[in-house]
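Here's the structure, in structure tokens; my notes come after.
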Amino acid sequence: MDPVFYPVNDFGPLMKGLVIGGLGIVHVFTAQFAIGGGMLLCYFQWLAMTGRSSTARAFMDGYFKFLVLVSFVAGALTGVGMWFTSIQLSPVTIGLMVDEFHWLWAVEWTFFCLEVTAGYSFYRYGPGLTDRTRLALLVLYTVGAWFSLFWINGILSWQLTPGGWTETGSLWTGFFNPSFFPSLVFRTIAALTVAALVAMVLVNAVGSFDRAQRTELINHASKLLIPMMAMPLLGVWWLAVLPEDSREWVLGGSVAMTMFLQLAVLVSALIGAYAFVGLIRQRLYINGVTAGLLCALAFIATAFGEFVREGVRKPYTVRETLYSNSVKPGDVARLREVGCVTDDPYPVRGADAMPTDQVRLGAKVFRGQCSICHTTGGVNSLPGLTRGWDVGLKRVNFAKVHKLKPFMPPFAGTPDELEALVQYITWLQEGKTASWSDSLAGPDRAPTLAQLKKYLDEAAPAGTRHP
Ligand code: HEC
């Protein structure tokens with residue numbers, strides 16, 4: 001087995017997966033704004049150059065400053081933040097991604113460099129340049145931004161639908177995987193939408209335009225909302241290429257996932273309806289507050305959407321290849337023999353306050369196998385979820401945890417470790433009392449372990465493939 005990676009960090013009551021997810025949502029939103037913003041500016045530059053708009057030019061430089069500020073500062077910070085949290089929380093996953101796609105990632109970074117260089121040049125020299133040069137810089141900026149989406153999209157969609165890669169291991173099969181194109185087109189449209197909505201906020205925020213000029217700018221920006229009409233089709237396409245179990249999560253199998261998908265669809269539909277009826281058909285004026293509200297809705301839709309995308313991948317971080325808790329499916333049977341903590345030399349936090357070695361072992365098992373999705377006293381807290389369960393109920397359910405809810409990976413440890421986990425959770429539930437004894441120290445040891453082994457074998461007999 002690969003060594004357990006260090007550093008193994010913990011964010012207390014904030015579930016680890018949620019920390020990555022939360023940061024990811026902000027990052028995706030700003031990155032999409034950066035891409036769509038580039039497209040909007042190319043369009044506005046063209047409107048200005050061809051005499052189709054007399055106001056576009058005046059609006060552009062302000063919009064661009066805002067774009068640069070948001071995308072370079074917030075985008076770069078959250079981007080680095082993503083790396084920083086992923087290497088702490090899921091080093092095996094990020095390691096696998098880097099292993100598999102390092103060259104593509106390097107290519108992505110060259111496009112990012114192009115984006116930054118073109119963007120900065122425009123920021124610094126844009127106002128004094130000729131129209132043609134301005135357009136050229138903006139196109140370069142947009143190409144850089146969009147292609148960084150292109151590359152990263154292949155890697156992210158591969159996590160969810162690795163497709164033929166699981167058999168062939170071929171880089172390009174993994175990259176151009178079944179959900180590559182629906183996600184790419186969907187994200188491009190989302191980028192245009194965000195850019196248009198932000199433009200509408202900014203048009204209102206800039207004091208120097210009169211009402212007619214604002215209306216004109218808003219009408220131009222609303223053109224970028226037209227592709228939104230294709231979103232439902234793309235959503236259906238994406239659902240169609242999902243593996244069957246994932247699709248079931250969002251179509252009723254998991255209440256949370258289903259609800260989040262419905263909310264994402266509902267909120268997007270509201271934005272789409274307003275855009276279509278109000279802005280495109282009736283060419284209505286939109287004030288700053290309404291535009292801000294639509295932006296907030298777009299953020300919420302992004303958040304729900306990303307949540308669903310991350311969620312439907314469970315119990316994997318890379319489907320069929322790596323479980324969310326960094327255990328490889330093919331390793332489960334072996335770990336049930338040798339134990340999951342054997343290769344984990346790192347001490348657990350607060351070990352001194354734990355009454356027995358068994359509880360310490362349980363804490364380590366929890367850290368290794370459950371803590372990516374559960375906490376001990378915060379979001380999705382395991383002691384909380386199993387409050388009122390007696391020891392017997394915990395034993396059977398923890399042993400068969402992937403049957404209890406198929407979005408959890410199978411338990412991958414020995415009967416001793418399973419019992420330690422049960423005891424650790426029970427000890428937490430009983431207020432971390434100092435008087436605690438080892439449940440396997442007495443004469444019950446052999447029958448208890450035999451029972452646990454039986455549960456484990458029933459859930460998935462050692463040596464077989466785990467569904
Ligand atoms: C991939 C993420 C993930 C991992 C890893 C994971 N769980 Fe869960 N678990 C969940 C989610 C999500 C829920 C659902 C919570 C809810 O229904 O509100 C859940 C619920 C549970 C429940 C309550 C189920 C019920 O029906 O009430 C138990 C018990 C549980 N998990 C035990 C464990 C144990 C033990 C481990 C480690 C061996 C573990 N889980 C690892 C995601 C995970």
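The values are calculated or read from the model by the stated rules, or taken from the named source; none is laboratory data. The shown structure was predicted, so the numbers you read here are calculated from the model rather than taken from an experiment. Glycine gets a Cβ as well: all are built from the backbone with ideal geometry, and neighbour counts include every protein chain shown.
From the list Pro345, Pro355, Pro410, Pro406, the one residue that fits, being part of a loop (DSSP other than H, G, I, E, B), more than 10 Å from the ligand (Cβ to nearest atom) and under 30 Å from Gly174 (Cβ atoms), is Pro406.
Pairing each residue of segment 302-326 that is under 15 Å from Gly253 (Cα atoms) and assigned by TED's automatic domain parsing to the domain that holds Ile25 with any residue that is in a loop (DSSP other than H, G, I, E, B) and near the ligand (Cβ under 9 Å from one of its atoms), provided the two are 6+ apart or on different chains, yields C-beta distances under 7 Å for Lys314/Ser324; Lys314/Phe407; Pro315/Ser324; Pro315/Phe407; Pro315/Met408; Pro315/Pro409. Of all residues in segment 419-434, those that are more than 14 Å from Leu385 (Cβ to Cβ) have Cβ atoms under 7 Å from Cβ atoms of residues that are part of a loop (DSSP other than H, G, I, E, B) and away from the ligand (no atom under 12 Å from the Cβ), 6 or more apart or on another chain, in Glu419/Ser439; Glu419/Leu440; Gln423/Ser439; Trp427/Trp436; Ala434/Pro355.
Here is a yes/no grid of residues against (1) modelled with pLDDT of 95 or more; (2) under 19 Å from Lys432 (Cβ atoms):
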residue	(1), (2)
Pro329	no, no
Gly362	yes, yes
Val365	yes, yes
Ser371	no, yes
Leu385	yes, yes
Phe398	yes, no
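No other residue among Thr50, Thr55 is over 15 Å from Leu23 (Cβ atoms) and surrounded by fewer than 17 Cβ atoms within 10 Å (Cβ to Cβ) apart from Thr50. Considering segment 376-392, and only residues there that are more than 9 Å from the ligand (Cβ to nearest atom) and part of a helix (DSSP H, G or I), the residue that is farthest from Asp10 (Cα to Cα) turns out to be Gly392. Which residue pairs have Cβ atoms under 6 Å apart, sit 6 or more places apart or on different chains, and have a first residue in segment 359-370 that is surrounded by fewer than 24 Cβ atoms within 10 Å (Cβ to Cβ) and a second that is at pLDDT below 95 and part of a helix (DSSP H, G or I)? Hits for this filter: Arg360/Ala351. Candidates Pro406, Pro410: the one that is surrounded by fewer than 19 Cβ atoms within 10 Å (Cβ to Cβ), in contact (Cβ under 8 Å) with a residue 12 or more places away in the chain and within 30 Å of Glu248 (Cα to Cα) is Pro406.
Of all the listed residues (Leu279, Leu270, Leu284, Leu297), the sole one being in a loop (DSSP other than H, G, I, E, B) and either of a type in the set (Asp, Glu) or touching a helix residue (DSSP H, G or I) at 6+ places or on another chain (Cβ under 8 Å) (or both) is Leu284. Listed here are the helices (runs of 4 or more DSSP H) enclosed by segment 137-215 that have at least 1 residues being in contact (Cβ under 8 Å) with a residue 40 or more places away in the chain and among the β-branched types (Val, Ile, Thr): 165-168, 180-205.
Looking across segment 316-335, just one residue is assigned to a helix (DSSP H, G or I), of a type outside the set (Val, Ile, Thr) and within 12 Å of the ligand (Cβ to nearest atom), and that is Leu335.
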